[in-house]
Protein chains: 2
Amino acid sequence: MFSIGELSKRTGVKIPTIRYYEQMGLIAAPERSEGNQRRYSKDVMQRLSFIRHSRELGFSIEDIKGLLELSQHPEKPCHDAHNLAAQRLEDVQARIAKLQRLEHELKRISECDANTVAHCAVIETLADHSLCETVH
Amino acid sequence: MFSIGELSKRTGVKIPTIRYYEQMGLIAAPERSEGNQRRYSKDVMQRLSFIRHSRELGFSIEDIKGLLELSQHPEKPCHDAHNLAAQRLEDVQARIAKLQRLEHELKRISECDANTVAHCAVIETLADHSLCETVH
DNA sequence: CTTGAACCTATAGTCGCTAGAGGGATTATA
DNA sequence: TATAATCCCTCTAGCGACTATAGGTTCAAG
């Protein structure tokens with residue numbers, strides 16, 4: 001049995017975030033001490049790690065609810081989990097592609113060596129989209 | 001002189017977003033028709049394009065305020081613009097690196113070919129961070 | 001028993017919009 | 001000129017995933 005502070009330290013999830021997850025129904029409301037403070041048992045740590053990891057991978061709170069639900073029923077087929085993962089993968093790949101275009105453009109414009117704004121590529125490029133080398 | 005709807009169509013910035021930018025001080029409050037509707041002249045289009053483009057590159061509203069301010073003063077040195085761009089570049093590169101690690105992991109776990117949750121790599125990997133091949 | 005750290009709830013703020021309600025203005029057609 | 005369709009107005013609230021603050025209570029160490 002440990003306090004929310006300890007749980008936070010052990011999982012790396014901030015205290016208000018833990019309470020938020022409880023509110024969102026991702027973790028069950030734990031027992032309380034006589035003075036109404038939350039007291040957790042170890043099993044919540046696994047669940048919190050699952051949640052944290054999923055968030056890092058970009059799954060939404062709603063996605064995670066579904067994944068947690070699934071993980072509670074090992075006999076169920078796991079298409080849903082796969083679909084979610086595959087969808088996230090697509091998202092991630094699209095974001096990478098977009099960011100790489102931005103990287104390219106930012107690199108180009110930050111190489112400008114003008115001294116005043118009048119001839120600065122940063123400003124010029126932002127002002128005139130037609131100067132972009134890529135489409136976005 | 002054109003209406004907010006026309007401005008929206010021409011710049012691709014949605015109507016409420018235009019009003020929001022006005023509220024945030026990115027664009028000046030325009031003239032009004034007799035019936036209190038906004039009437040824009042062409043010059044705001046450039047400014048809106050600048051804003052839109054900057055947003056696409058990931059600059060914050062506050063950043064853009066600074067950049068617009070700069071662009072209004074061509075005689076000023078442009079270090080600030082460069083710094084902002086360089087910082088954005090770093091951000092973007094960090095995000096790319098992180099996303100690529102996620103991509104790797106998602107690819108791996110979505111290749112799972114189990115039929116039930118009991119042996120599903122998606123669920124397992126999310127549950128047990130130690131299975132990750134990458135650190136995050 | 002005291003003190004200071006940790007905890008509680010509830011509410012508001014963050015960012016960059018977006019949606020909705022409840023109305024008024026403009027424009028095209030009859 | 002009347003009317004209908006479309007556009008526009010302001011104001012307020014909502015989104016997601018937290019984060020911060022205020023004002024109070026409880027816990028654990030000395």
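Looking at B:Arg88, B:Arg55, just one residue is open to solvent by 70 Å² or more (accessible area, probe 1.4 Å) and either touching a residue at least 12 places away in the same chain (Cβ under 8 Å) or of a type in the set (Lys, Arg) (or both), and that residue is B:Arg55.
Could you list, in sequence order, the residues of the stretch B:1-23 that are among the small types (Gly, Ala, Ser) and loosely packed, with under 13 Cβ neighbours inside 10 Å? Matches in the stretch B:1-23: B:Gly5, B:Gly12.
Checking A:Lys42 against (1) more than 10 Å from every other protein chain (Cβ to nearest Cβ); (2) over 17 Å from the mean Cα position of the chain (by Cα); (3) under 16 Å from A:Glu22 (Cβ atoms), only one condition comes out false. Which one? Here A:Lys42 clears every test but (3). Among the conditions (1) within 18 Å of the chain's Cα centre (by Cα); (2) crowded, with 17+ Cβ neighbours inside 10 Å; (3) at the interface with another protein chain (Cβ under 7 Å from one of its Cβ atoms), A:Arg95 misses just one, which is (2).
When the stretch A:1-25 is filtered for residues that are away from DNA strand C (no atom under 13 Å from the Cβ) and at pLDDT 95 or above, nothing remains. Within the stretch A:24-38, can you find the residues that are over 18 Å from the mean Cα position of the chain (by Cα), open to solvent by 40 Å² or more (accessible area, probe 1.4 Å) and near DNA strand D (Cβ under 9 Å from one of its atoms)? Result: A:Arg32, A:Glu34, A:Gly35, A:Asn36, A:Gln37.
The values are calculated or read from the model by the stated rules, or taken from the named source; none is laboratory data. Here the structure is a predicted model, which is why all the values come from computation and not from measurement. Virtual Cβ from ideal backbone geometry, glycine too; neighbours counted across all protein chains shown. The accessibility values were calculated without ligands, DNA or RNA, using every heavy atom of the protein model including side chains. Shrake-Rupley method; radii C 1.70, N 1.55, O 1.52, S 1.80 Å.
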